[in-house]
Amino acid sequence: MSAAPILKIAGLQAKVADEVELGILKGVDLEIKPGEIHAIMGPNGSGKSTLAKVLAGHPGYEPTDGSVTFAGEDLLEMEPDERSLAGIFLAFQYPVDIPGVSIANFLRTAVQARQPEGEDLDIFEFSDHLTERMEMLEMDVSFAERHVNDGFSGGEKKRNEILQMAMLKPRLAVMDETDSGLDIDALQIVAKGVNKLTEEDPEMSILLITHYQRLLNFIKPDFVHVMVNGRIARSGGPEVAIALEEEGYKTYEGQEAPSTNGSAPAA
Amino acid sequence: MPQNETIQDLDLDEYKYGFVTEGKPVFRAEKGLSEEVVRQISAHKEEPEWMLDFRLKALKVYESKPMPTWGGDLSDLEKVLSEIYFYVRPQDRMQHSWDDVPEEIKDTFEKLGIPEAERKILAGVGAQYESEMVYHSLREEWSNQGVIFDSIEDGLKNHPELFREHFGTVIPTHDNKFAAMNSAVWSGGSFVYIPKGVSLNTPLQAYFRVNQERMGQFERTLIIVDEGAHAHYIEGCTAPVYSTESFHSGVIEIIVKKNARFRYTTIQNWSNNMYNLVTQRATVAEGGHMEWLDGNLGSKLTMKYPSCYLMGEGAHGEILSIAYSGDGQHQDTGGKVVHVAPYTTSSIVSKSISKGHGRSTYRGLCKVYEGAHHARSNVECDALLINDTSRTDTYPYIEIEENDANVGHEASVSKIGEEQLFYLTSRGIPEEEAMAMIVRGFIEPIAKELPLEYAVELNRLIELEMEGSVG
């Protein structure tokens, strides 16, 4: 593993774009190196999903202080599409319906955006690749003809996110509550897909955002952070998640996050 | 962060085919509408006496009817009408071979892709330049089957009985002010007859185009689909941009006889100064099936409500429409279904897109007469608003006189959502492309019904308009 972090968040503060005050992130520090899997856990309203959205550039949130460096670039200066091309992928907690647009067409457009200027995607190569990826994720190829998330079950939506991740090959995948709304079978299928992708590309980093420990039984994190009240309150190895499972979040209730340098502890 | 102004800049309304070919019309009537003009038109066309009478009566009806006030803003129209030419004729007679068509006109058609359509042998091409057919061909096997695909003038000349029996029976002169106007000054359009049991696999296509400044176009189309026949007629039009107001008022009458099936597809992309007031209606007999597929882009104001009168038991009518309104445009469109007989079924699907200060209105009527028991009708209208200044209104009129009928209506209004845009852009898709994608997805249920060439053209038009709209 390379020593340089792919993602470096320092003192990040952010608020809802249209609100005057109400900060949600109150100074987040985090470093992720290539190939690392990090999990951020936290109670509802702690800011963990906001962090995911801020990283992807959601227009509903506004960073107010701190910095985010991605692969040496100032991430906060980039548009969402530029962030994607730079290698950030956000697996949505609530994937959005795009009626009338097939998954194949959507993915083709997204892959085309990654082609060098003026070069057209080879449509047959793309189609073969898509089929291969769907087979890898044990999806029926007819799925690609369905309209993006339109009328999908919760499980289908999440699998569609993993398919996109498999096609777009990010350097950092931020998975926002990918486990929410999934039964155990669906969860295993999704986790299996993610694990195949990390095996395939050991340099790919993952930031898992989850409320529950159970996802971490299937996707093993190297580091676990607990987010409380807009800050990372505790960082450690997988044992942190196990402790949380036993103790719950009440240990952290009413607790102001300690001042932390935020970096993940050395592996 | 994506800015709101990128959403504002989605330009579908810049008219892309704004080229002008210099035409030298052979004959042009005086400006404005008068008995003299009507007599001139009829004389020029060497019409039988009954048609001149028909026109003159229609003129009286037109003059007696007030300007409608229930729809789009027509307050400028009197002035516009006093300034336009009601009849322009580019050539003395019909041309039957492509070689005979003047270069200038060919040039116009080339820009519109007519020769290409011809190369692809897309059925008989009836191309209307200014007020009349100049080029008209019909595939031979259809002739052999007894199919008639003529200009409306030739229909009257060559098939007088068939013509007179049906002309004006679907849309009577007094139906509305503009139907009356058209009845007085109609010129150009198609006459189509599909004989009993004849089934056409390739669509009949007519292209036409208004190309004379201040020229009104009053095409009149009469289509008779005889018992058990199947056919599809496609009409696309595009007009060059002029700075003064222009006017188009067509009348399309379709008679679908017992167990016949017919689809009429139109895509209209008028220039942004055009008043487009069209009456199109079909009567559908027992077991018959009629579909209107109607796309309205461009124009200053379009008022157009394709209608199906379901006259016979088990008749079915369908209206699919798409409207796009940009700045300064008002699309007041929709559909009418009238259930007269039992077991009749109908559906209206209407989709509109409004951008900038554009306004789209859905205006529809579903009427079920007493005795039309077991009638079923479903209406769905969806509006997509691009910005806060865009406007949409829905006027669904439902009149039911029969207890045993089932009528459903669904309406939705959506905005291109921040969440949808974010989802697409977060996958690396540039914002303008993301918007085009959302718009294309919105119209997909209708676009997929179009012949491939038209669907591609429509999608391409949307794509073109998105280019350079951001940043």
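The values are calculated or read from the model by the stated rules, or taken from the named source; none is laboratory data. Keep in mind that what you see is a predicted model, and the values were worked out from it rather than measured. In this analysis, Cβ positions are derived from the backbone assuming ideal geometry, glycine residues included, and neighbour counts consider all displayed protein chains. The protein model used for the area step is the full one, side chains on, heavy atoms only, and it has no ligands, DNA or RNA in it. Shrake-Rupley method; radii C 1.70, N 1.55, O 1.52, S 1.80 Å.
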In the range B:311-402, carbon and sulfur make up what percent of the accessible area (probe 1.4 Å)?
-> 48 percent
Quick one: if you stick a label point 7 Å off each Cα along the C-beta vector at B:GLU83 and A:VAL16, how many nm between them?
-> 5.2 nm
Descending accessible area (1.4 Å probe), largest on the left, turns B:HIS159, A:HIS225, B:HIS174 into B:HIS174, B:HIS159, A:HIS225
Taking GluC sites (Glu not before Pro) as exposed when DSSP calls them loop (any state but H, G, I, E, B) and at most 16 other Cβ atoms lie within 10 Å, what is the longest stretch of chain A free of them, the sites themselves excluded?
-> A:22-116
Is the range A:31-155 rounded, prolate or oblate when judged by the Cα gyration tensor, a ≥ b ≥ c being the square roots of its eigenvalues, rounded requiring a/c under 1.5 and prolate requiring a/b larger than b/c?
-> prolate
Cut-off 14 Å, label 7 Å out along Cα→Cβ of A:VAL141, residues of the range A:89-107 by amide N | A:104
Would you please give the FRET efficiency between B:HIS174 and B:TRP70, computed as 1/(1 + (r/R0)^6) with r the Cβ-Cβ distance and R0 = 22 Å, to the nearest 0.05?
-> 0.85
Identify all lysines with a Cα-Cα distance to B:LYS367 below 19 Å; exclude those on the same chain that are fewer than 8 residues away in sequence.
-> B:LYS304, B:LYS336
Treating only the Cβ atoms of Lys and Arg (+1) and Asp and Glu (-1) as charged, compute the dipole magnitude of chain A about its Cα centre; round to the nearest 20 debye.
-> 640 debye
What accessible surface, in Å², does a 1.4 Å probe find on B:GLU63, ignoring ligands, DNA and RNA and rounding to the nearest 10?
-> 120 Å²
Pair B:SER414, A:ASP120: separation of 7 Å Cα→Cβ label points (nm) = 3.0 nm
So the FRET efficiency between B:GLU161 and A:HIS129, C-beta based with R0 = 60 Å and rounded to 0.05, is 0.40
Among the lysines, which fall within straight-line cross-link reach of B:LYS196, defined as a Cα-Cα distance under 16 Å, with same-chain neighbours fewer than 8 residues apart omitted?
-> B:LYS257, B:LYS258
Helix-only [θ]222 nm of chain A, DSSP H runs n ≥ 4, -39500 (n - 2.57) each, per residue, nearest 500 = -9500 deg cm²/dmol
Taking amide H positions as placed 1.01 Å from N in the peptide plane, with prolines and chain starts having none, which residues 5 or more places from B:GLU235, or on another chain, fall under 5 Å of its amide H?
-> B:ALA206, B:THR265, B:THR266, B:ILE267
Using only protein heavy atoms and a 1.4 Å probe, report how much of B:ASP76 is accessible, in Å² to the nearest 10.
-> 80 Å²
What's the average, rounded to a whole number, of partner chain beta-carbon atoms within 10 Å of each residue's beta-carbon in A:51-58?
-> 2
For B:HIS374, B:HIS166, A:HIS147, the accessible-area ranking with a 1.4 Å probe, largest leading, is B:HIS374, A:HIS147, B:HIS166
For the pairs A:LYS196/B:LYS448; A:LYS33/A:LYS157; A:LYS53/B:LYS415; B:LYS355/B:LYS448; B:LYS65/B:LYS157; A:LYS157/A:LYS220, note any where the Cα-Cα span goes beyond 27 Å.
-> A:LYS196/B:LYS448; A:LYS33/A:LYS157; B:LYS65/B:LYS157
Simple Cβ-charge dipole of the range B:265-360, Lys/Arg +1 and Asp/Glu -1, about Cα centre, in debye nearest 20 = 400 debye
Between A:TYR212 and B:VAL456, Cβ-based FRET efficiency (R0 45 Å, step 0.05) works out to 0.40
